[in-house]
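> Questions regarding the structure given below will be posed in turn.
The values are calculated or read from the model by the stated rules, or taken from the named source; none is laboratory data. Fair warning: this is a prediction, and the values are worked out from it, not measured in the lab. Neighbour counts run over all protein chains shown; Cβ positions are idealised from the backbone, glycine included. Heavy atoms of the whole protein, side chains included, go into the accessibility calculation; ligands, DNA and RNA do not. Shrake-Rupley method; radii C 1.70, N 1.55, O 1.52, S 1.80 Å.
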Amino acid sequence: MQPRLQLRDIGKRFGATVAIERIDLTVAVASVHAVCGENGAGKSTLMNILAGVHLPDRGEIVIDGARVAIPDPAAARRLGIGMVHQHFTLVPSMTVAENTFLGRQPRRFGLLTDVAAMRVRAAALNERYGFGLDVRAPVATLSVGQRQRAEILKALALDSPRILILDEPTAVLTPREADELLRVVRTLRDGGTSVLFITHKLREAIAVSDNVTVIRDGRSILHRPTAGASEAEIAVAMVGRDVVPPQRGAPPVLTTRGGLSLHDVTVTAPGGRRRLDSITLSVRPGEILGIAGVDGNGQSELAEAVAGLLPVQAGRIMLDGRDVTRASARARRDRGLGFIPEDRLDRGLSPGLPVAENLALSLYRAARLARFGVVSLRARDRFARDLLRRFDIRGGGAGVPAGTLSGGNMQKIVVARELARRPKLLLVAQPTRGIDIGAGEFVHRQLLDAAGRDCAILLISSELSEVLSLADRIGVLFGGRLVGVVDRAAATEARIGAMMSTGRPA
Amino acid sequence: MTGLWTAIRGPAGALLAALLLGFLVVLAVSDDPLLSYRQLLFASFASGANFALYLNRAMPLILIGLGVALSFRAGLFNVGGEGQLYAGAIACAAVGIGLPHLPAPLLPLAAVIASALAGAAWAWWPGALKLWLGVDEVVTTLMGNFVALLATNFLVTGVLRDPAAYGATSRLLPASSWLPAIPGLPNATIGLPVAVLLAVLGWVVLFRTVWGAGLRAAGSNLRFAEAVGIRARRDVLSAMALSGALAGLAGGLYVLGIGHRFEQNFSPGFGLMALTVALLARLHPLGLIATSLIFALLLNGAAYMQIATDVPRSLVDVLTGLLVLLMTVEPGRRFRRAVTS
Ligand SMILES: Nc1ncnc2c1ncn2[C@@H]1O[C@H](COP(=O)(O)OP(=O)(O)OP(=O)(O)O)[C@@H](O)[C@H]1O
Ligand SMILES: [Mg+2]
């Protein structure tokens, strides 16, 4: 049978950066095609070429046997190509229906937006794919999982969706939401759509796809049917070597005092609902405390409260022996706090500023990059280049805007900056979200090293495997409460999983 | 070097294109288009007096534009330069007229400080409302323009009015408060060199200091800046006040150096033009010196053009409009890149 999509000898560079060296890719009709590869391998760029966001420098695109040009996103839509981008693109203040038809609203009298028709069509789509969304709800009121579905709805609002591109759609989803999404993907495939599925979670790639392509350094280097492929095989193809996830060794001997402790910390939302309910915990220097739990159970609030970005209504927060409950974020950082936030584009960096500034910000004094408040560009750029090398951050030098880097490389910028502070307490939320397994392994190793240097680490993650392999003790957040803290020796995936879903110690 | 070229080729191209298109307009309306354009572009250099006038007109553009750059970089859109200019000018006049017995070096100093403070205050409250209550600063600073204009009208037709003068102007400030002229150019005040110096200083502060780095971070992503421990809100509000202080200072220097009194409606729209000037310079303090000099040239040249030919000075508005239009071609391209990561 004729393939749905053929990409032949695609090439693309941005200025001096070669994003895609040479890629060939063939996708069958009604199939799910997984695309895997390291951060910066060129996955998003390739998909953006298909979606009409970028023009390729070279190569041809053939859809259902016809050679096509895709000069802009509208052309992609006309060809039946929908894309869900790696980062959210919805307008929060608009409803799901409005977002779905943004820029191509059904018109009345050729001028006015036909709101009723728009709602009806959005509702019909929602019905057809079983997304269970309220199309009149503003996007701002939706959970992350619902937003993701709204994004897909938007991508599918075409006359004939032939190709759906999902760029890391599960990175921010809870396991249940992710399963739900995979179900939707299979339904779409059975309906005849070809799905391009990008993910760093190889388990998912294997579970959902029919074929898999691995991209490395802008070249497609492996094509195979998924049946029979193992995670390890794909990982080796991606990284070019064996990936050995680091494991926490024996629990450290905790002698020193200090670190972080919370006593009955409570955070109340404006409506009076408790977001954090009497949280008591402590992390000693050299220790890693993992906080597991399904996203949305107070993880964000816990991180923000410890970072000094969210006022607490009751309780006490001690940092390195000092009460910091009322201290500013700055004061806490001065006392040795490092913070890797859950969403890099929200609190982690400024995409418009150069990489060097993103790396150096907040470190000018500590790393002696400035004198009397005046920045030494030489020192700053040397500092930045050093971090880029040590953390293997790719995608252009210290001078390029951080926003042009691939998602995983942006994450590495945040990690590099916060570790460069040599923090006494490291507050880490979802540190490996959206980064490839090689880089994930690297970040994990960095966290273990930091703990080895007597840094106290509070690791908040919705990846259970991440928590299980790194933490000395594991607590579970459920509905804003901390249910039980378990020693790693006694922690199994089943036990923690049960605590996560029932909210009771097991 | 190539960096500089890529930075200026956009604005330079837009400027050339606007002048060319403007020439087509002049061709259509004028009997002597060449003379019109010669007046527009070169009359400012025809005599020392013309040249001095030209430099005087550039001063407020640089200072207000610098304020615009500062506030925009900090993430607040201060479009109230005109109002802050008036606030500074009236405060300066009030001090000059109210404290005539202050000894010579102190009087202009006090007047200058008063003008900066008045401008700062007039920018501070919209900034504070924005940061504390989320009130849109574009609306408040814009409204502030009208309030300042009317309030100064009220003062200059009332308590500050010079009864001997024909128009609505304040009494003359004591000569001990007047600014000296640029050596060799009797009618050009030292306002312009001061403005240029401040622009250079502004560049250093924005791009070479820790404070400036934090400010730009806060301006591009406030939540990020807060998370890394920058006192973002405080810094942004300071930047807003500073932005107003610069516009107010422009008003003060104008009164002390050029008018020597407060005149009703003295500004030919410096505030709005400074906005264009700053955006054209991509909010860069050094580029802003250049764009201000270019705009002042057009502004000044248009007056001579109107006298010498049949083309009205409002041609400047046409040119400004064309420029804004041509400059907005670029950001569209940028947006596509932003969606990709
Ligand atoms: N707009 C751009 N300008 C300059 N360079 C870019 C741009 N977009 C991507 N790049 C570069 O192209 C390369 C490929 O990036 P791409 O986003 O395709 O990676 P990716 O495979 O999607 O990675 P990730 O898994 O981290 O999302 C990177 O080196 C990146 O820095
Ligand atoms: Mg990507």
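> Each residue of segment B:201-210 in turn: what ³J(HN,Hα) in whole Hz from Karplus with 6.51, -1.76, 1.60 and θ = phi - 60°, glycine and Pro shown as x?
Values, residue by residue: 4, x, 5, 4, 4, 5, 10, 10, 10, 4 Hz.
> I've got another one for you. Please name the residues of segment A:332-350 whose accessible area, counted over protein heavy atoms with a 1.4 angstrom probe, falls by no less than 50 Å² between the chain alone and the full protein assembly.
The answer is A:Asp346, A:Arg347.
> Could you please report the charge total around A:Leu5, scoring K, R as +1 and D, E as -1 over all other residues with beta-carbon less than 11 angstrom from its beta-carbon?
The answer is +2.
> Something else now. With a point put 7 Å past each Cα toward its Cβ, work out how far A:Ile221 is from A:Arg453 in nm, to one decimal.
3.1 nm
> Only bridges with both residues in the protein assembly as shown count here: give the DSSP antiparallel percent, nearest 5.
The antiparallel fraction comes to roughly 60 percent.
> Counting only other residues whose beta carbon sits under 11 Å from that of A:Leu276, what net charge do I get with K and R as +1, D and E as -1?
Neighbour charge sum, excluding A:Leu276 itself: 0.
> Further, regarding this structure: Any chance you could check segment A:48-91 for residues losing 50 Å² or more of accessible area when the partner protein chains are in, compared with the chain on its own (1.4 Å probe)?
Buried-area filter returns A:Val53.
> On to the next question. Ranked by accessible surface with a 1.4 Å probe, highest first, in what order do A:Arg390, A:Arg365 come?
Descending accessible area places them as A:Arg365, A:Arg390.
> I've got another one for you. Compute the FRET efficiency between A:Arg203 and B:Leu133 as 1/(1 + (r/R0)^6), taking r as their Cβ-Cβ distance and R0 = 51 Å, and round to the nearest 0.05.
E(calc), rounded to 0.05, equals 0.60.
> Here's a follow-up. List the residues, sorted by chain then number, that are 5 or more residues from A:Met83 or on another chain and whose placed amide H is less than 5 Å from its amide H.
Amide H neighbours of A:Met83, under 5 Å, 5+ apart: A:Ile165.
> Still on this structure, please answer the following. Calculate the dipole size of segment A:5-239 relative to its Cα centre from +1 charges on Lys and Arg beta carbons and -1 charges on Asp and Glu beta carbons; express the result in debye to the nearest 20.
In debye, rounded to 20, segment A:5-239 gives about 520.
> How are the C-alpha pair distances of the protein assembly as shown spread across 20 Å bins, as whole percents from the shortest bin up?
Whole-percent P(r) values from 0 Å outward: 13, 39, 33, 14, 1.
> For segment A:114-221, state which GluC sites (Glu not before Pro) are in a DSSP loop and have at most 11 other beta carbons lying within 10 Å of their beta carbon.
none
> For chain A, take the longest principal axis of its alpha carbons; what is the angle in degrees between that and the long axis of helix A:144-156, to the nearest 10 within 0 to 90?
Relative to chain A, helix A:144-156 is tipped by roughly 20 degrees.
> Running Debye on segment A:185-269 with equal point scatterers at the Cα sites and no solvent, what base-10 log of I(q)/I(0) appears at q = 0.17, 0.24 Å⁻¹?
Results for segment A:185-269 at q = 0.17, 0.24 Å⁻¹ read -0.78, -1.30.
> Also, quick follow-up: What does the buried accessible surface come to for B and A, summed over both chains, with the probe at 1.4 Å? Round to 100 Å².
In total, this chain pair buries about 2500 Å².
> Moving on. Summarise the accessible area of segment A:5-239 (1.4 Å probe, protein heavy atoms) by the percent that is carbon and sulfur.
Within segment A:5-239, the accessible surface is 51 percent carbon and sulfur.
> Moving to a separate point now. If you plug each phi of segment A:22-30 into the Karplus form 6.51 cos²θ - 1.76 cosθ + 1.60 with θ = phi - 60°, what whole-Hz ³J(HN,Hα) values come out, in order, with x for Gly and Pro?
6, 10, 10, 7, 10, 10, 7, 5, 6
> Under 5 Å between amide hydrogens, which residues at least 5 positions from A:Lys201 or on another chain qualify, with H placed 1.01 Å from N in the peptide plane?
Residues meeting the amide H criterion: none.
> Angle check, please: helix A:115-129 long axis (alpha carbons) against the longest principal axis of chain A (alpha carbons), in degrees 0 to 90, nearest 10.
So the inclination is approximately 80 degrees.
> With a 1.4 Å probe and every protein chain kept in, tell me what percent of the accessible surface of segment A:371-462 is carbon plus sulfur.
Solvent-exposed carbon and sulfur of segment A:371-462 make up 50 percent of the total.
> With a probe of 1.4 Å, find how much accessible area chain B has per residue, and write the answer as a whole number in Å².
Accessible surface, normalised per residue, equals 44 Å².
> May I pose another question? So what J values fall out for segment B:39-49 if you push phi through Karplus, 6.51 cos²θ - 1.76 cosθ + 1.60 with θ = phi - 60°, rounded to Hz, Gly and Pro as x?
4, 4, 8, 10, 4, 5, 9, 5, 8, x, 5
> Between the DSSP loop rule and a limit of at most 13 other Cβ atoms within 10 Å, which chymotrypsin sites (Phe, Trp or Tyr not before Pro) in segment B:247-276 are left?
Answer in residue order: no site qualifies.
> Taking R0 as 35 Å, what FRET efficiency do you get between A:Val120 and A:Asp57 from their Cβ-Cβ distance, rounded to the nearest 0.05?
It comes out at approximately 0.25.
> Using the charge dipole of segment A:263-419 (Lys, Arg: +1 at Cβ; Asp, Glu: -1 at Cβ; taken about the Cα centre), state which of A:Met410, A:Phe391, A:Leu309 has its Cα farthest towards the positive end.
A:Phe391
> Next up: Would you mind checking the tilt of helix A:493-502 against the longest principal axis of the Cα atoms of chain A, expressed as 0 to 90 degrees and rounded to 10?
Rounded to the nearest ten degrees, it is 90.
> Please compute the net charge surrounding A:Ala379, taking Lys and Arg as +1 and Asp and Glu as -1 over other residues with Cβ under 10 Å from its Cβ.
The answer is +4.
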